[in-house]
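Below is one structure; the comments refer to it alone.
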Amino acid sequence: MYRLIAVSLLTMVLAALPVAGAAESPAVSADSVAKGSPLVLSREQCVAIALSDNPTIRVADMEVKRMDYSKRETIASLLPTIDFSAAYQRSIELQTVKMNMGGESQSFKMGSDNTWTMGFSASLPLVAPQLWKSLDISDTQILKSLEDSRASRLDMVNQVNKAYYSLLLAVASRKVLQQNWENAKFNADLYEKQYAAGTASEYDVLRSQVQVSNIEPELLQADIAIKQAALQLKILMGMDASVEITPDVTLEMMQQDMYAYTMGLDTSLADNTSMRSLEIDTELLRQNLQLKKRAYIPTLAATFNLNWLSMSNGNALRNLDFTPYSNVGLALQIPIFSGGKRYYGVKQAEVQLTEMKFQRENLERSLQAQVDLAIDNIDMEVRQISSNAQGVRQAEKAHEIMQKSFEIGAATYLDLRDSELAETTAKLVYYQAIYNYLISTSELDLLLGRGLPETN
């Protein structure tokens, strides 16, 4: 029975580990960290390292830079455009022109064998409503990229928190199993002494030694759980797998502030990344609607051309005589009819804007329900931790009494093993409750858009 419970609880520890997002861990970025040197890290330090070195965060930051370049590209469309062009044309057969002169039809060739043209052309948009609106859209797209980057960072913080808490749970579970193994080893040694003194049977000695052997596989599984949790944490931090890391706190220490967590907690969804992204998407749709409406407004551009022309016969590279000509003008474009393309484009944008309104209402209700449920779960887990802590104290006291009774012969070995099992189970359930509480607070922080380290 003990073995089944221990295996099931260790399985819970292994299942609590997040799935790794990469097959190999990136190289550690800190030059001061030597391979094999143990690092004692706090949760805050792990978060800071992950936010600076994780490739996912770097990609999100680069996307912000890309959108900034996109805005500059839009601004460049409002500046003058200057192009240079050159062309050469060789006539195979000159054009024949026929004219009636004095009642007689006469024909003659017109043109030249070689025609060279080259020059500069420039244009400047003077009235460009759609381009002007595109600048506002570019600003909003940058805000969208910034919010996406913030969402990636919040998700990374949540993943690091879960990996760190999983490591704490694995370490705490291993400590409980180690204590249980030491108790079993103590009792086995005690039976050996009693057997040597003739007060215990060989069966009692073998049974106690088997119990020690039964616990050892659970210790090996606990070691594997610790290694897996540490590896997942190092992957998230972009740290080399050979670097040894150790948490600077225990699982018990993490519950010290649990009563103050929900006190004065701001449950507003103003910082929720889904709500903020939806607001930005709505603004983009609103600006897109205005952009489509501006397609009805005429556009005006100034143009300037400076060209040189050379026409000659015979060798194309001889007798070149370029003569300049230039002009300046205005180009006015008035939209009149497009088959309803602009009209239906506006209607489509209006429908999308209306859809976004309903999506916002549904998302807000759903998120608020998740927040309320998360707070209820956290309050329940706080009470569960208090109850489990009391159970651990009682189980320890009961085992202490049973151990003394066993040593003086007032209790059987089966009674002692039952008390040890009760103590081990109580501690593992207690640690699991703390872990569940920490995971719930991390998820709630993600839901409320909290948890990012403050930047100066």
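Annotation: lysines with alpha-carbon distance below 26 angstrom to Lys427 (same-chain offsets under eight excluded): Lys162, Lys175, Lys185, Lys227, Lys397, Lys404. With contributions of -39500 (n - 2.57) from each DSSP H run of at least four residues, the per-residue ellipticity at 222 nm computed over the chain stands at -22000 deg cm²/dmol. The calculated FRET efficiency for the pair Arg383 and Val249, based on their C-beta separation and a Förster distance of 30 Å, comes to about 0.85. Ranking Asn319, Ile408, Asn388 by Cα position along the charge dipole of region 313-436, where only Lys, Arg, Asp and Glu carry charges on their C-beta atoms, puts Asn319 farthest toward the positive end.
Packing around the peptides 306-316, 139-149, taken as the average count of other Cβ atoms within 10 Å per residue, puts them in this order, highest first: 139-149, 306-316.
Any idea what the dipole of region 143-219 comes to, in debye rounded to 20, about its Cα centre with Lys/Arg Cβ at +1 and Asp/Glu Cβ at -1?
Details: 9 positive and 10 negative charges, 91 e Å.
Once rounded to the nearest 20, the dipole reads 440 debye.
In this rough spin-label picture, where each label sits 7 Å from Cα along the Cβ direction, the Thr117-Arg360 distance is 5.4 nm. A Förster radius of 22 Å combined with the Cβ-Cβ distance from Ile75 to Asp271 puts the calculated FRET efficiency at roughly 0.10.
Between Ile245 and Leu39, the built amide H atoms are under 5 Å apart, and every one of these is 5 or more places off in sequence or on another chain.
Projected label points at Glu407 and Trp308, each 7 Å from Cα along the beta carbon direction, are separated by 10.9 nanometres.
Scanning the chain for helices, which whole DSSP H stretches are 18 Å or more long along the axis (Cα) and average 0.5 or more by Kyte-Doolittle?
Those that clear 18 Å and a mean of 0.5 are 2-15.
Basic side chains Lys and Arg get +1 at the Cβ, acidic Asp and Glu get -1 at the Cβ, and with that the dipole of the chain about its Cα centre reaches some 2140 debye.
Taken together, the values in this text are just the output of simple stated rules run on the coordinates, not laboratory data. Everything quoted here is computed from the prediction, not taken from an experiment. Here Cβ is always computed from backbone atoms with ideal geometry, including for glycine, and neighbour counts include all displayed protein chains.
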